[in-house]
Amino acid sequence: SAMSAVHGMLSERSWSPVELSALLERLQPAEFGERIRMTGPDIEVSAAQATPLAMVFQEMFANAMEHGSLGSGVGWLQIQWDIGEASTGQVIVIDWRETGGPPPNANAVAGAGTLLIRGLIEGEMRGEITLHHAPDGVSHRIRIPSKVTPHGGGVWFIWWRALSCRCPGFGEAAL
């Protein structure tokens with residue numbers, strides 16, 4: 001699982017920052033390695049960033065295998081990252097591009113996975129995500145502060161909130 005993979009990495013490094021490329025390599029599905037291209041400079045992410053990023057990447061890899069380019073047998077996934085600038089300072093910019101897979105379903109409704117991704121990026125990490133579904137494939141852009149302290153509540157609150165919004169009756173007593 002993404003959680004055990006990232007916690008194993010962090011534990012090996014005494015909870016010090018990890019390379020973004022190493023995190024992605026640990027999470028990528030091994031059977032698709034030759035169809036996944038990853039490029040970018042050496043960028044470290046903090047322990048506070050690594051766990052939510054791992055959950056986001058795990059969900060995005062799962063979507064690529066189930067609905068996108070990796071599920072088609074011939075598609076490709078390109079992941080690129082770099083440092084960019086924002087009004088608040090430096091940001092890590094991650095571009096996720098799938099090609100050669102089936103066209104995305106234009107009528108699909110955002111599910112719990114999309115809510116989780118948005119909650120982690122926008123809430124937990126105080127970043128931005130743009131999800132673009134075009135006929136020739138998906139392209140997503142993630143922008144997160146290069147240094148971040150997690151938002152109060154943590155990933156479990158965001159997951160609970162995503163489920164409670166998606167499933168009537170779930171968690172209503174706690175609201």
Inset, instruction - Could you pull out every residue, at least 5 positions away or on a different chain, whose amide H is within less than 5 Å of the one on residue 91? Hs are placed 1.01 Å off N in the peptide plane, and Pro or chain starts have none. - result: 84, 85, 86, 146
Legend entry - Solvent-accessible area per residue for segment 1-81 (1.4 angstrom probe, square angstrom): 44
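Of all accessible surface on segment 1-116 at a 1.4 Å probe, what whole percent is carbon and sulfur? Intermediate values should be presented prior to the final figure.
Numbers: 2750 of 5500 Å².
C and S atoms contribute 50 percent here.
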Legend entry - Within segment 6-88: Cβ-based charge dipole about Cα centre, in debye rounded to nearest 20 (Lys, Arg +1; Asp, Glu -1): 120
Legend entry - Residue-normalised accessible area of segment 92-141, given per residue in Å² at a 1.4 Å probe: 49
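Please give the peptides 30-38, 69-77 ranked by average Cβ packing (other Cβ atoms within 10 Å per residue), highest first, as a rough proxy for protection.
Details: 30-38: 12.7, 69-77: 18.3.
My ranking of the peptides, most packed first, is 69-77, 30-38.
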Legend entry - For residue 55, solvent-accessible area (1.4 Å; no DNA, RNA or ligand), Å²: 30
Inset, instruction - Mark the label point 7 Å from the Cα of residue 15 along Cα→Cβ and return the residues of segment 21-58 whose backbone N is within less than 16 Å of it. - result: 46-52
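The values are calculated or read from the model by the stated rules, or taken from the named source; none is laboratory data. What you are looking at is a predicted structure, and each value in this text was computed from that prediction instead of being measured. Cβ coordinates were reconstructed from backbone atoms using ideal geometry, including for glycine residues, and neighbour counts include every protein chain displayed. Each accessible area value is taken on the protein alone, full model and side chains, heavy atoms only, with ligands, DNA and RNA left out. Shrake-Rupley method; radii C 1.70, N 1.55, O 1.52, S 1.80 Å.
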